[in-house]
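Everything below concerns the one structure shown next.
The values are calculated or read from the model by the stated rules, or taken from the named source; none is laboratory data. Since we're looking at a predicted model, the values are computed, not measured. Positions of Cβ are backbone-derived with ideal geometry, glycine not excepted, and every protein chain shown enters the neighbour counts. What goes into the accessible areas is simple: the full protein's heavy atoms, side chains included, and nothing from ligands, DNA or RNA. Shrake-Rupley method; radii C 1.70, N 1.55, O 1.52, S 1.80 Å.
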Amino acid sequence: MSQDEIADLLAEAEELLENCASAEEVEALRVKYLGRKSALTAILRGLKELDADKRVEVAREANLAKKKIEKWLAEAKQKVAAAPRQVTRIDHTLPGKRYPTGKLHLITRTVDDIVDIFYGMGFEVALGPEVEEEYYNFGALNFPPDHPARDMQDTFYVADDVVLRTHTSPIQVREFQKRKPPVRIIAPGRTYRQEAISARAYCVFYQLEGFYVDHRVTFADLKGVLTAFAQQYFGADVKLRFRPSFFPFTEPSAEVDISCFLCQGRGCRICKHTGWLEILGCGMIHPNVFEAVGYDAEEYTGYAFGMGIERIAMLKHKIDDIRLFYENDIRFLSQF
Amino acid sequence: MQISLNWLKELIDFDLDVETLTHKLTMIGLECEATPLIGSLEKIVVCKVIASETHPNAANLKVCQVDCGGEEAVTIVCGAPNVRKGMKAPLALPGAVLGGEYKIKSIDKYGVTSDGMLCSEAELGLSDDQTGIMRLERSLKIGAPIAEALKLDDYIIHFDLTPNRPDCLSAIGIARDIGAMTGSRLKRPSVKIREFETPAADAVRVDIEDDDACPRYAARVIRNVAVGPSPWWIKQRLLASGIRSINNVVDITNYVMLEYGQPLHAFDYDNFRQPQVLVRRARIGEKFTTLDGVERELNKDVLLITDGDRPVAIGGIMGGEYSEVTEKTTTVLLESAHFDSRVIRRGRKHLDITSESQDRFERGADPNIVLTALDRAASLIDKYAQGEILAGTVDCYPNKIEPLQLELRPPRVNQILATDLSTPEMIDILDSLEFGVTPGKNLQVIVPTFRPDVTQEIDLVEEVARIHGYEKIPCHTETGGGLVTSRVESEEFHTHLRRVLTAQGYYEVVTNTIVNPKEVLLLDEGVEYIKIRNPISEDLQWLRRELFSSLLNVVRHNLNHQVEKVKVFEIGNTFIPIGEKLPSEEWRLCLALAGGDTGENWTFHPGAFTLYDLKGALECIAILVDREVSLSLAESKVFDPGCSFEVMLGGVGIGTCGSVSRVILESFGIKSEVFLGELRIKSLINTRRGPAEYQPLPRFPSAERDLAIVVGEKVIIADLVATITAAADQTLRETVLFDLYRGKQVGQGRKSVAFRLVFRDESKTLTDEHIDNLCNRIVDKLRVEHDAQLRA
Ligand SMILES: [Zn+2]
């Protein structure tokens, strides 16, 4: 190949590379000019057949040409990479392509969120039957027969001594019978109350029970676990207030209020202008419960707490009618 | 329970504003809030009528001159029949607002300007008496603001008491707790009795047939009482507690009940047929008319107070109609008794009556306050109804109820509460609550009988804790306990199911487990259900055995509320009686589809749901257990005969699915087609394959061939696949159905089916020749077995 031919080749390569519009074109030209079958490669390969004086000159020319083409290739590559793609215009405001997803029920979400927090604190999950023996629902939990405390819970009966559990507390008794302390359990579940259905009450509702029995468990531990829970669930600056209360299966018992997260404690309609929201009941497990399950109340102490799931979800999401949870209107379900 | 703030102030010294007081009471376990006794009484004053003449232009009105403390008399036009010269009455001056809305102004009445209004008790909100203007006591100062003069400057404290505190159903009980938190001592009213010589024992004898039910019955007899209206201060306190004023005698019994928590009853003793009280159980079928005028049928649970002949009251619950104290009464038998709380509870349940008295006895009254309360009431009747109290009390109390004695170990208190209270601090607290304490290493504590809730050491711990203050107990955020935390496998699996299904576009629902018998019977007859004995309504009586009826209700609700795409699932409990005490509780998954995709995404085409949508979801679920789904035709009452299947996973039936039969849809009032599927979750989990074993990745390339054939409509895909598999050798790795077409081109009654066949050998690259041979064999076999034609 003559020097003129090399010059022609260079001119052609320069023009073609300058007009490249795609990476594919650039690659094709690289193969054409620098590939194994290209003219330049042929020249460089044929050098040894040339006269010694000519060999040096051609080699110099060819290498120069190769460098130039490499440079143009690099430039062309950069240019096409930077150029906008010449495809149909994208309307980035169109929704993405996906199959519409469903959602979890708000009760499930609330239970999951709460269980996760306690799970992280070392609580295990346990469950129990919804149709329950009166003994587990009342007797073993220190509700004497014919005691007014039984009226606090309006009970559905399915047989003389079989009820629909009115709280998740029977799970305490069932787990205590199965295990030896330390026992640290969180027990969510469905409970029942024989009560007319209204915006504030439904015959079915969810509760979540937690309890811990070990050597030297104190009321201070109870305050600690609930404070840690409330601050994780409702926010780090939420305050707690423990008020003496009464439950047959705990003594001392307490009702726990949190500072209203809707008005930051200033008082609003939801907290009835008190700045506090009642969220759960708790206490130290009554020695009579330990006696019923054969734990030594002198050796072990423990705490228990229980909260209503719908109530917490209603507060958190400002829902004013509990029936919405069980009506399952998709326009409601899709909001959470 | 509600009580006047001023009353509490009379019983105990405290220097707290009403808001602080209610907060502090709430924080020691007596939850309460305060409201003003009555609304604004501004510009209402005490006046004296100094002249009253008939209105010149209206004969039924009077023109009065009243003195309200100013320099000149004020002219008032008044229509009340009881206006008299010389009486004192409340006067609302221009600017006053009655009942929060009625504004008083100077007004012309038939030519006379009236500069205010004389008010009735009803107009002031003090009672419902509107028969005439309120007559004020003569001692009241003319011109004084009415709120001040009548001590209406008061708050009602409303308590929401826990059932364990019957002692706080009284002013003294609440004052005692206030004393425990402030350190001051109760000022109990002093009771002085002035008795006549005649012994009460001559006038009445008391017998108790059942002294478990009625451990104590005490009575006094008071003669020559003057029954009439109560003094204002008694009325005012009853008003604050929401109790209607009846007459002085009845009001005094209620007043003392509010004061001591001991219910009392006053009988018109002249209506007794015999001079005696006999307490006995009612006989089955016995009837009695209570003072609310209702005739009630009794049973053995009811305790009666009788005169030995006829019943005069239901013990501890309600008095009788004809022995009531009225204006005509002259001799009163005053009862102060103690009834067992369980008896009162059973009686109340049988009769379905509640009363102030029943509430106190049922929660537990103090048997040892009986005489004090009786004497207090008698002395008030003496003072305000001029009675003559006969000498002595007839007190039948065969077995004295002694206070309980408990031992409290001070270290135990600190161990449970994580506090470091000293023993003297604990003694102080118990002493302030009127527990008797003998110091020592362990404290010997005498529990007063007004605290029936305190029966064990732990109850004393709570008393110390609540008065010390829960807020002062430390808060520990470090904890011990074990490291092993297991989760419940079924719960974990439920979580996986929920994730898969919501990702597939299903909404989770949560429905009532209590179902309507009429609805479930449509789905499943002749099986046992768990039935509620005391249902809240006819529609909610049984516990469900399946979720179908629950989900059909959800579908109906949504379709009726303009939701066009109903795609829901529930993971719910079912209850199967198994002849044991408790039923078997079985968790199930139910899916429901109705309507169709509504084109929520612009890349999809809207279309009605079909069984294949449901099957797709089942296939996604099967991935969780590493199995494949197949459906096999099965009969069911729920589904359409042509579209009713058993769901098989790894050859095991785990549930049913199909298109709901028209009969059932009609009964549920659903017009659109509904697909339902229900799986037994335990069965589903049981089909789960063990951990998948690694298969080496292919080392040689695979080859694909598309095969389009036309077959008769009745040929099913599974049979075609079986033929293909049988005709090929083990190099056929996958048979994927990728197109199904019906239309003119393939002709009536036939369908075009296209498969993609994937061939691969693990030891070499397959030749075209080998694959072509296999394909020819496949086509031949399809032709022979299924009359399949190759599509061009
Ligand atoms: Zn608030």
> What number of residues within the stretch A:261-319 are over 17 Å from A:Ala230 (Cβ atoms) and away from the ligand (no atom under 16 Å from the Cβ)?
Replying inline: 20
> Can you name every residue in the stretch B:603-614 that is part of a helix (DSSP H, G or I) and within 43 Å of the chain's Cα centre (by Cα)?
Replying inline: B:Asp613, B:Leu614
> Looking at the stretch B:104-128, which of its residues are more than 30 Å from B:Ile243 (Cα to Cα), surrounded by 15 or more Cβ atoms within 10 Å (Cβ to Cβ) and aliphatic (A, V, I, L, M)?
Replying inline: B:Val112
>> Contact list please: Cβ distance under 9 Å, first residue in the stretch B:595-621 and within 12 Å of chain A (Cβ to nearest Cβ), second residue aliphatic (A, V, I, L, M) and open to solvent by 40 Å² or more (accessible area, probe 1.4 Å), pairs at least six apart or on different chains.
In response: B:Gly595/B:Leu559; B:Gly595/B:Ala608; B:Asp597/B:Ala608; B:Trp602/A:Leu94; B:Cys620/B:Ala503
> Picking from B:Ala180, B:Ala175, which residue would you name as being at pLDDT 90 or above, out of contact with any Lys or Arg (no Cβ under 7 Å at 6 or more places or on another chain), within 14 Å of chain A (Cβ to nearest Cβ) and outside any loop (DSSP other than H, G, I, E, B)?
Replying inline: B:Ala180
>> One residue is enough: does the stretch B:690-700 have a residue meeting the conditions in contact with a strand residue (DSSP E or B) (Cβ under 8 Å, 6 or more places away or on another chain) and more than 30 Å from B:Phe493 (Cα to Cα)?
In response: no
> Is it true that B:Gly440 is among the small types (Gly, Ala, Ser), at positive phi and more than 8 Å from chain A (Cβ to nearest Cβ)?
Replying inline: yes
> Failed condition for B:Thr455, given (1) touching a helix residue (DSSP H, G or I) at 6+ places or on another chain (Cβ under 8 Å); (2) under 30 Å from B:Pro424 (Cβ atoms), with all others met?
Replying inline: (1)
>> Among the residues of the stretch B:443-451, are any more than 7 Å from chain A (Cβ to nearest Cβ), surrounded by fewer than 17 Cβ atoms within 10 Å (Cβ to Cβ) and at pLDDT below 95?
In response: no
> Among the strands (runs of 3 or more DSSP E) confined wholly to the stretch B:281-324, which include 1 or more residues that are free of Cβ contacts under 8 Å to residues at least 24 places away in the same chain?
Replying inline: B:287-289, B:295-297
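Results for (1) modelled with pLDDT under 90; (2) assigned to a loop (DSSP other than H, G, I, E, B); (3) of a type in the set (Ser, Thr, Tyr), shown as yes or no for each residue.
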| position | (1), (2), (3) |
| --- | --- |
| B:Gly29 | no, yes, no |
| B:Glu33 | no, no, no |
| B:Ala51 | no, no, no |
| B:Glu72 | yes, yes, no |
| B:Gly100 | yes, yes, no |
> Across the stretch B:748-764, what is the number of residues that are loosely packed, with under 12 Cβ neighbours inside 10 Å and of a type outside the set (D, E, K, R)?
Replying inline: 3
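Quick check on B:Glu327: is it at pLDDT below 95 and touching a Phe, Trp or Tyr at 6+ places or on another chain (Cβ under 6 Å)? Can you show your working first?
Numbers: at pLDDT below 95: yes; touching a Phe, Trp or Tyr at 6+ places or on another chain (Cβ under 6 Å): no.
Spelling it out, it is not the case that B:Glu327 is at pLDDT below 95 and touching a Phe, Trp or Tyr at 6+ places or on another chain (Cβ under 6 Å).
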> Among the residues of the stretch A:203-227, how many are outside any strand (DSSP E or B), more than 8 Å from chain B (Cβ to nearest Cβ) and under 29 Å from the mean Cα position of the chain (by Cα)?
Replying inline: 2
> So, in the stretch B:356-390, of the ones that are at pLDDT 95 or above and not in a helix (DSSP H, G or I), which residue ends up surrounded by the most Cβ atoms within 10 Å (Cβ to Cβ)?
Replying inline: B:Ala365
>> Which of the numbered conditions does A:Tyr233 fail, given that it passes all the others? Conditions: (1) in a helix (DSSP H, G or I); (2) of a type in the set (Phe, Trp, Tyr); (3) crowded, with 24+ Cβ neighbours inside 10 Å.
In response: (3)
> Mind checking which residues of the stretch B:517-537 are open to solvent by 40 Å² or more (accessible area, probe 1.4 Å) and either more than 13 Å from every other protein chain (Cβ to nearest Cβ) or of a type in the set (Gly, Ala, Ser) (or both)?
Replying inline: B:Lys518, B:Leu521, B:Leu522, B:Asp524, B:Glu525, B:Gly526, B:Val527, B:Ser537
>> Testing A:Gln153 on (1) facing chain B (nearest Cβ under 10 Å); (2) modelled with pLDDT under 95, one condition comes back false. Which one is that?
In response: (1)
> Among all residue pairs at least 6 apart or on different chains, which show Cβ distances below 6 Å where the first residue, located in the stretch A:105-120, is assigned to a helix (DSSP H, G or I) and the second is open to solvent by 60 Å² or more (accessible area, probe 1.4 Å)?
Replying inline: A:Ile117/A:Gln232
> Looking at the stretch B:624-631, is at least one residue more than 10 Å from chain A (Cβ to nearest Cβ), assigned to a strand (DSSP E or B) and under 33 Å from the mean Cα position of the chain (by Cα)?
Replying inline: no
>> Just checking, does the stretch B:488-504 include any residue being part of a loop (DSSP other than H, G, I, E, B), within 9 Å of chain A (Cβ to nearest Cβ), at pLDDT below 90 and open to solvent by 10 Å² or more (accessible area, probe 1.4 Å)?
In response: yes
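Restricting the search to the stretch A:267-286, which residues are among the charged types (D, E, K, R) and modelled with pLDDT of 90 or more?
Across the stretch A:267-286, the qualifying residue is only A:Glu278.
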> Looking at the stretch A:238-260, which of its residues are more than 9 Å from chain B (Cβ to nearest Cβ) and either more than 14 Å from the ligand (Cβ to nearest atom) or of a type outside the set (Asp, Glu) (or both)?
Replying inline: A:Val238, A:Lys239, A:Phe249, A:Thr250, A:Val256, A:Ile258, A:Ser259, A:Cys260
>> Going through B:Thr656, B:Thr723, B:Thr731 one at a time, which residue ends up being open to solvent by less than 70 Å² (accessible area, probe 1.4 Å) and out of contact with any strand residue (DSSP E or B) (no Cβ under 7 Å at 6 or more places or on another chain)?
In response: B:Thr723
> If we keep just the residues of the stretch B:505-516 that are under 13 Å from A:Val204 (Cβ atoms) and either over 34 Å from the mean Cα position of the chain (by Cα) or not in a loop (DSSP other than H, G, I, E, B) (or both), which is nearest to the other protein chains (Cβ to nearest Cβ)?
Replying inline: B:Ile514
> Looking at A:Ala83, A:Ala76, A:Ala65, A:Ala140, which one is touching a residue at least 60 places away in the same chain (Cβ under 8 Å) and open to solvent by less than 20 Å² (accessible area, probe 1.4 Å)?
Replying inline: A:Ala140
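What number of residues within the stretch B:632-642 satisfy the criterion of being of a type in the set (S, T, N, Q) and either within 14 Å of chain A (Cβ to nearest Cβ) or outside any strand (DSSP E or B) (or both)?
So the count comes out to 1.
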>> Please go through the stretch B:581-594 and give me each residue that is facing chain A (nearest Cβ under 10 Å) and either hydroxyl-bearing (Ser, Thr, Tyr) or more than 29 Å from the chain's Cα centre (by Cα) (or both), ordered by number.
In response: B:Ser584
> Inside the stretch B:407-436, can you point out the residues that are assigned to a loop (DSSP other than H, G, I, E, B), surrounded by fewer than 17 Cβ atoms within 10 Å (Cβ to Cβ) and away from chain A (no Cβ under 12 Å)?
Replying inline: B:Ser422
